[in-house]
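Nothing in this text is a laboratory measurement; each read-out follows from the coordinates by a stated rule. A quick note: this is a predicted structure, and the numbers were derived from the prediction, not measured. A quick note on method: Cβ atoms are made from the backbone with ideal geometry, for glycine too, and the neighbour counts reach across all protein chains shown.
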Amino acid sequence: MMTLTTINTLRTKLEAARFAAAREGRSLKVALVPTMGYLHEGHASLLRKARAENDLVVLSIFVNPIQFGPGEDFERYPRNPEQDLALAEKEGVDLVFLPEVEEMYPAPTRTQIKVSGLTELLCGASRPGHFDGVTTVVGKLLHIVGPDRAYFGQKDAQQVAVITQMVQDLNWNVEIVPCPIVREQDGLALSSRNVYLSTEERQAALVLSRNLLEVQAGSQAEEVLTASTLREQLRKNISLEPLAVIDYVEVVSFPGLEPLGPEERVDDQGQDGDILVAVAVKFGSTRLIDNVILTKKVNV
Ligand code: PAF
């Protein structure tokens, strides 16, 4: 493939291992930003944070087949490596790891990483096996690149919780750095999948951010809100949008992902830890996720 940029790209595990070996003993902080490509401003924000906090920034671009279920969009997932490399160069990325599927999964591969408990609910309920695919590929990428820190967007809040748990459970010496959701001016959370939306669907999808951001603002107001009221209100408001087909609307603890009891309060005064308000909703054939985290107010 022709590249339009001069950025360093690695395509094999061996090249990546040589890179890892070359930095041995040089006490350089290395960041990994794992992505599936088709990069947007959300990815750029991860790269910028990684750039600011580390000596070397490695971007991986790999559309990971094993995290897509049957009938999902693996084949049609948007890809544009030329544009991605240009963005990587603009953001000061040092290296791009761009492996082929055969490079990451030479047959036969029989080992997977599974984080139990955190992966059966929310997106895990509607996408069985999805998180096993994510943890397996992230585990492989962490081992191939050997970063000190790895950066993930908080839009996939469940993914952040699952990967953090994996790294803790397996005693891997890497810091998982969650980064805030980046939104369009009108509120839509950035996602590579937004490209699938028709004009009408994109307009309809604003129902998610509008309601979630309202919940976030409301939780800081004086009103007493229980988990069940919040769930019902959100469901009702999202259902008012005719193109929205709800997969889930959930209120859980974060990062433990424990469902909140119906009478548990989610306002600042009532909660005693962070709360994730997460939704997954289909617009046409496109399933979007979005969330807000309600953070406990520390009374001083
Ligand atoms: O969030 C993503 O883009 C993917 O799930 C990840 C972390 C790159 C693993 O394939």
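Structure notes:
- Largest-first principal axis extents of the Cα set of the chain (Å): 57, 45, 38
- Translational diffusion coefficient of the range 114-229 (Stokes-Einstein, Kirkwood radius from Cα pairs, 20 °C, 1.002 mPa s): 129 µm²/s.
- Gain on full stretching of the segment that runs from Gln233 to Thr295 - 0.36 nm per residue minus C-alpha separation: 20.3 nm
- Coarse-grained scattering of the range 54-157 at q = 0.18 Å⁻¹, given as base-10 log I(q)/I(0) from a Debye sum over alpha-carbon atoms: -1.08
- Taking 18 Å as the straight-line reach from the Cα of Lys29, the aspartates and glutamates in range (excluding those fewer than 8 positions away in the same chain) are Glu53, Asp55, Glu91, Asp94, Asp148, Glu175.
- Here the Karplus curve 6.51 cos²θ - 1.76 cosθ + 1.60, taken at θ = phi - 60°, turns the phi angles of the range 153-160 into couplings of x, 6, 4, 8, 4, 5, 4, 4 Hz, with x standing for Gly and Pro.
- Backbone geometry of the range 225-241 corresponds, through the Karplus equation with coefficients 6.51, -1.76 and 1.60 at θ = phi - 60°, to 3J(HN,Hα) couplings of 10, 9, 4, 5, 4, 4, 4, 5, 4, 5, 4, 4, 5, 5, 5, 5, 7 Hz, x marking Gly and Pro.
- Taking amide H as placed 1.01 Å from N in the peptide plane, Leu225 has its amide H under 5 Å from the amide H of Val266, Asp267, each at least 5 places away in sequence or on another chain.
- The shape of the range 171-263 can be summarised by an equivalent ellipsoid whose semi-axes, obtained from the alpha carbon gyration tensor, come to 24, 22, 13 Å from longest to shortest.
- Normalised contact order of the chain, rounded percent, pairs of Cα under 8 Å and 6 or more residues apart: 16
- Calculated FRET efficiency for the pair Ala217/Leu170, C-beta based, R₀ 45 Å, to 0.05: 0.70
- Proportion of all alpha-carbon pairs of the range 1-118 beyond 23 Å (%): 37
- The range 1-71 and the range 190-252 have their alpha-carbon centroids 32 Å apart.
- Among Leu85, Leu213, Leu257: highest mean-square fluctuation, GNM of the chain, C-alpha pairs under 10 Å: Leu213
- For the pair Val195 and Glu15, the difference between a 0.36 nm per residue extended length and the Cα-Cα distance amounts to 61.5 nm.
- Counting every pair of alpha carbons in the range 41-87, the share spaced more than 12 Å apart comes to 71 percent.
- Using R0 = 22 Å, the C-beta based FRET efficiency linking Asn8 and Gln83 works out to 0.80.
- Anisotropy class of the range 1-66 from Cα gyration tensor, a/c 1.5 cut: oblate
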